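In what follows, a structure is listed as structure tokens, so that the remarks can point back to it.
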Amino acid sequence: MPGSSPPSLPGSPGPSPEAREVPPASEIALAVGDAVRLVGVPPYLKTADPMPMLRPSDLVESDEIGHVVEIRALGQCAVRFRRGAFLIRRVDLSPVEVPG
């Protein structure tokens, strides 16, 4: 039958623990308002405006803390930094504990 998995052989173990669907460690769960920091500086930044533009990456310092303002499709977040809000992939962000 198309789309079905092949039958397992008698006596064979099930799927290995490595083969199970596990989200990658780099795919972190973020919520609106979370403080984040860039893991690495991308070659450019894309603004989170209704009509996005590409901006130079030096607008965000490597140690600057931003706040998530929106979660978007395809694993992207709109993050507000000191010099603007930019679309950044979730895998390029790390959560930060802000002393409160």
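The values are calculated or read from the model by the stated rules, or taken from the named source; none is laboratory data. Bear in mind the structure is a predicted one, so any value in this text is a computation, not a measurement. Neighbour counts run over all protein chains shown; Cβ positions are idealised from the backbone, glycine included.
One residue stands out in segment 50-100 among those that are within 16 Å of Gly33 (Cβ to Cβ) and touching a Gly at 6+ places or on another chain (Cβ under 7 Å): the one that is modelled with the lowest pLDDT, namely Arg90.
Only residues that are modelled with pLDDT of 85 or more and loosely packed, with under 10 Cβ neighbours inside 10 Å were counted in segment 7-37, giving 2.
Residues of segment 46-59 that are in a strand (DSSP E or B) and over 17 Å from Ala73 (Cα atoms): Leu54, Arg55, Pro56.
Just to be sure before I move on: is Val68 surrounded by 12 or more Cβ atoms within 10 Å (Cβ to Cβ), assigned to a loop (DSSP other than H, G, I, E, B) and of a type in the set (A, V, I, L, M, F, W, C) in the structure I sent? Taking the combined requirement at face value, the residue does not satisfy it.
Within the group Leu54, Leu74, which residue is more than 17 Å from Ala31 (Cβ to Cβ), under 11 Å from the mean Cα position of the chain (by Cα), surrounded by fewer than 14 Cβ atoms within 10 Å (Cβ to Cβ) and without any contact (Cβ under 8 Å) to a residue 12 or more places away in the chain? Outline the logic, then answer.
On the way: Leu54 fails: under 11 Å from the mean Cα position of the chain (by Cα).
After ruling out the rest, the residue left standing is Leu74.
Pro42 falls short on exactly one of the conditions (1) part of a loop (DSSP other than H, G, I, E, B); (2) over 14 Å from the mean Cα position of the chain (by Cα), and that condition is (2). Pairs meeting the criteria (first residue in segment 78-90 and in contact (Cβ under 8 Å) with a residue 12 or more places away in the chain, second residue part of a helix (DSSP H, G or I), beta carbons under 9 Å, at least 6 apart or on different chains) are Phe81/Leu59; Arg82/Leu59; Arg83/Leu59; Gly84/Leu59; Phe86/Leu59.
For segment 38-49, what are the residues that are surrounded by 14 or more Cβ atoms within 10 Å (Cβ to Cβ) and either aliphatic (A, V, I, L, M) or at pLDDT 95 or above (or both)? First the steps, then the outcome.
To start, the set of residues in segment 38-49 that are surrounded by 14 or more Cβ atoms within 10 Å (Cβ to Cβ) comprises 38-39, 42, 45-48.
Residues satisfying the conditions are Leu38, Val39, Leu45, Lys46, Thr47, Ala48.
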